[in-house]
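Inspection log for the structure reproduced underneath, given as structure tokens.
The values are calculated or read from the model by the stated rules, or taken from the named source; none is laboratory data. These figures come from a predicted structure and were not determined experimentally. Heads up, the Cβs are rebuilt from the backbone with ideal geometry, glycines too, and the neighbour counts pull from every protein chain shown.
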Amino acid sequence: MHNTQQILEAKDFIMSKINHRPTIGLILGSLAWEHWLTISKIL
């Protein structure tokens with residue numbers, strides 16, 4: 001998992017961009033995180 005750091009940074013970046021809408025941010029962030037984990041398992 002050499003991309004773990006990049007994934008975490010991307011997640012933090014996305015979350016910071018939508019931090020002014022915490023509810024939407026949490027929903028999108030959790031969904032994106034689940035997709036990242038699924039993609040990582042496939043790869």
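Name the pairs: first residue in the range 29-43 and touching a residue at least 24 places away in the same chain (Cβ under 8 Å), second residue in a helix (DSSP H, G or I) and surrounded by 11 or more Cβ atoms within 10 Å (Cβ to Cβ), Cβ to Cβ under 7 Å, at least 6 apart or on different chains? Listed by first residue and then by second, the contacts come to 36/7. Within the range 26-41, the presence of a residue that is modelled with pLDDT under 75 and assigned to a helix (DSSP H, G or I) is excluded.
Restricting the search to the range 10-25, which residues are at pLDDT 80 or above and either surrounded by 11 or more Cβ atoms within 10 Å (Cβ to Cβ) or in a loop (DSSP other than H, G, I, E, B) (or both)? 10, 11, 12 - these are the residues of the range 10-25 that are at pLDDT 80 or above and either surrounded by 11 or more Cβ atoms within 10 Å (Cβ to Cβ) or in a loop (DSSP other than H, G, I, E, B) (or both).
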